[in-house]
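**Q** Dropping a structure here in structure tokens format, bear with me for questions.
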Amino acid sequence: MSGSYIKNPLKAGNLIIVNGHLYDPLENIDIVNGWIIVENGKIRDIGAGHRAFSCDYPIVDAQGSLVCPGFTDIHVHLRQPGGEHKATIESETNAALAGGYTHVLAMPNTSPPPDSVENLDLITPLLEKNALCRVSVCAAASIGRNGVKSVDYQELIQKGIKVFSDDGDCLEDETLLSAMLEKSAETGVTFSDHCEIRALSGKNPVNQGNVAVKLGLRGQKESSETVAAAKGIMLSYETGGHYHIQHISSSKTIELVRWAKARGLNVSCEVTPHHLIMSETDVLTHGTIAKCAPPLRTEHDRRQLISALEDGIIEYIATDHAPHDLKSKNTDMTSASFGIAAIETAVPLLLKLVHAGDISMKTLISCLTRGSYLLGCEKRLLPGSVGDFTIVDPDREWMFSGNRYSMGKNNPFSGTLFKGCIIYTIIDGIVRYEFTC
Ligand code: DOR
Ligand code: ZN
């Protein structure tokens, strides 16, 4: 599939899925008891009820589960090349499969970053050799991700790049930001921004507020996100380019996106499961494990993020899966690395919000499947579509005792009894992950 990589692509997968609740809200498909035939890696046919099958393809029984188009995560850190002491392409794509993801967008804060065709050409063979799920590469927007000189967008676009970002850092320079969005308007690529004005965040470890005061720490001002987002939105207004806000955390940024969407601007945003589930007070319990960028904000912000999902202002849920080694987390708050290795628990955590009645299943699955469209690799429950599925039992209980596949053990939810479980992750009609207790 153009622009995405996976080890040993097995296009010839044949499979029959039976007894599942076929659910693709973006295509208005909702078949309570249905079947799917996958042939040569693609959906051949789909239907309702029970039926006999004459072919001898392997059968997946999805009794009690939702069968959805394979989930796509548009914000994942794989760390390789350069960060192999934290994680590898193999370990993190394995973790992605366990989390129910068939396709991830790899962020560019690697060493070297994908900021030229030469550097991209170093990364793609590693993906072809090691990726266990589909991976698209998010190219850097500036050389070395240092915000001084634009990358050669066109040569990277010709290599299949669909999204640019300096993630980990914000593209603060207005000239570069404007040029990036002009290129986006011309070609349809997305610019995905880590909104953080460094002078306002100070790269401080927590949100500015009561918790920072209690811990005697300097905080990140909310304006570090809002000012960056406002700038991007205005430049999108002027250029028509697609400006995507990563890991939105503040209720005021939501107001800006609402304003932009009311005017039909080409603006979108994503939220992480941790910003939907936790707030700044969780730092008091979890310490450095809950240190992330942007920081967890107030309970008010968290409630507003949930409402904005249900309102359609936030269209994507992305994990910002950020594996770190123990050494970089087992230290004081100021020195510890930012990030949560979130991908294995993302869906079960989000199902907590569904069970609590905070968000609908329709919103959840829409936000987990929409990313495939952004990456130009649409996954739909329709004949002819790629045979990628995530099969989720929303009611099955299981105990999470720490990340099983990710090299990053920095996940704050160890010891949680989850209600809701990924049962199968299927790519090209091949079962790539199956839940075992
Ligand atoms: O928490 C974060 N961790 N936020 C980021 O933007 C970067 C990421 C990382 O690379 O660890
Ligand atoms: Zn980021």
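**Q** Can you tell me which of GLY384, GLY287, GLY371 is open to solvent by 10 Å² or more (accessible area, probe 1.4 Å), out of contact with any helix residue (DSSP H, G or I) (no Cβ under 7 Å at 6 or more places or on another chain), of a type outside the set (Ser, Thr, Tyr) and more than 16 Å from ligand 1 (Cβ to nearest atom)?
**A** Numbers: GLY287 fails: more than 16 Å from ligand 1 (Cβ to nearest atom); GLY371 fails: open to solvent by 10 Å² or more (accessible area, probe 1.4 Å).
Of the residues listed, the single one that is open to solvent by 10 Å² or more (accessible area, probe 1.4 Å), out of contact with any helix residue (DSSP H, G or I) (no Cβ under 7 Å at 6 or more places or on another chain), of a type outside the set (Ser, Thr, Tyr) and more than 16 Å from ligand 1 (Cβ to nearest atom) is GLY384.
**Q** Please tell me if ASP311 is modelled with pLDDT of 95 or more, open to solvent by 50 Å² or more (accessible area, probe 1.4 Å) and not hydrophobic (A, V, I, L, M, F, W, C).
**A** Details: modelled with pLDDT of 95 or more: yes; open to solvent by 50 Å² or more (accessible area, probe 1.4 Å): yes; not hydrophobic (A, V, I, L, M, F, W, C): yes.
The answer is yes for ASP311.
**Q** How many residues does segment 260-297 contain that are in a loop (DSSP other than H, G, I, E, B) and more than 16 Å from ligand 2 (Cβ to nearest atom)? First the steps, then the outcome.
**A** Pass one, segment 260-297, residues in a loop (DSSP other than H, G, I, E, B): 263-266, 272, 278-281, 291-297.
Keeping just the survivors that are more than 16 Å from ligand 2 (Cβ to nearest atom) gives 263-266, 278-281.
Adding up the residues that qualify gives 8.
**Q** Moving to a separate point now. Of everything in segment 402-437, what is assigned to a loop (DSSP other than H, G, I, E, B) and under 30 Å from ILE36 (Cβ atoms)? Give them in sequence order.
**A** ARG404, TYR405, SER406, ASP428, GLY429, PHE435, THR436, CYS437
**Q** From the list GLU155, GLU174, pick out the single residue that is under 19 Å from ALA229 (Cα atoms), more than 16 Å from ligand 2 (Cβ to nearest atom) and not hydrophobic (A, V, I, L, M, F, W, C).
**A** Details: GLU155 fails: under 19 Å from ALA229 (Cα atoms).
Only one candidate passes the filter, namely GLU174.
**Q** Just checking: which of the helices (runs of 4 or more DSSP H) contained wholly in segment 187-259 hold 1 or more residues that are open to solvent by 10 Å² or more (accessible area, probe 1.4 Å), within 16 Å of ligand 2 (Cβ to nearest atom) and free of Cβ contacts under 8 Å to residues at least 60 places away in the same chain? Steps first, answer last, please.
**A** Values: elements: 198-201, 210-215, 223-239.
The qualifying helices (runs of 4 or more DSSP H) are 198-201, 223-239.
Listed here are the residues, each with its yes/no results for (1) among the β-branched types (Val, Ile, Thr); (2) under 20 Å from the mean Cα position of the chain (by Cα); (3) within 16 Å of ligand 2 (Cβ to nearest atom).
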site	(1), (2), (3)
GLU27	no, no, no
ASN33	no, no, no
GLU39	no, no, no
GLY49	no, no, no
CYS68	no, yes, no
HIS85	no, no, no
LEU97	no, yes, no
VAL104	yes, yes, yes
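**Q** Regarding LEU105, is this residue at pLDDT 95 or above, open to solvent by 10 Å² or more (accessible area, probe 1.4 Å) and in contact with a Ser or Thr (Cβ under 6 Å, 6 or more places away or on another chain)?
**A** Numbers: at pLDDT 95 or above: yes; open to solvent by 10 Å² or more (accessible area, probe 1.4 Å): no; in contact with a Ser or Thr (Cβ under 6 Å, 6 or more places away or on another chain): yes.
It is false that LEU105 is at pLDDT 95 or above, open to solvent by 10 Å² or more (accessible area, probe 1.4 Å) and in contact with a Ser or Thr (Cβ under 6 Å, 6 or more places away or on another chain).
**Q** Among the candidates CYS421, CYS367, CYS437, which residue alone is touching a Phe, Trp or Tyr at 6+ places or on another chain (Cβ under 9 Å), at pLDDT below 95 and not β-branched (Val, Ile, Thr)? So that I can check it myself, show each step before the final result.
**A** Values: CYS421 fails: at pLDDT below 95; CYS367 fails: at pLDDT below 95.
On inspection, the qualifying residue turns out to be CYS437.
**Q** Any residue at all in segment 330-339 that is open to solvent by 10 Å² or more (accessible area, probe 1.4 Å), more than 16 Å from ligand 1 (Cβ to nearest atom), assigned to a loop (DSSP other than H, G, I, E, B) and farther than 25 Å from THR72 by Cα? Steps first, answer last, please.
**A** To start, the set of residues in segment 330-339 that are open to solvent by 10 Å² or more (accessible area, probe 1.4 Å) comprises 330-335, 337-338.
From what is left, the residues that are more than 16 Å from ligand 1 (Cβ to nearest atom) are 332.
Checking the rest, the ones that are also assigned to a loop (DSSP other than H, G, I, E, B) come to 332.
Retained after the next criterion (residues that are farther than 25 Å from THR72 by Cα): 332.
Yes, segment 330-339 contains a residue that is open to solvent by 10 Å² or more (accessible area, probe 1.4 Å), more than 16 Å from ligand 1 (Cβ to nearest atom), assigned to a loop (DSSP other than H, G, I, E, B) and farther than 25 Å from THR72 by Cα.
**Q** Between ALA62, ALA48, ALA87, which is touching a strand residue (DSSP E or B) at 6+ places or on another chain (Cβ under 8 Å) and open to solvent by less than 50 Å² (accessible area, probe 1.4 Å)?
**A** None of the others qualify; the one that does is ALA62.
The values are calculated or read from the model by the stated rules, or taken from the named source; none is laboratory data. This is a predicted model, so every value here is computed, not measured. Don't worry about glycine lacking a Cβ; one is built from the backbone with ideal geometry, like all the others, and counts go over all protein chains shown. Side chains are part of the model used for accessible areas, which takes the heavy atoms of the whole protein and leaves out ligands, DNA and RNA. Shrake-Rupley method; radii C 1.70, N 1.55, O 1.52, S 1.80 Å.
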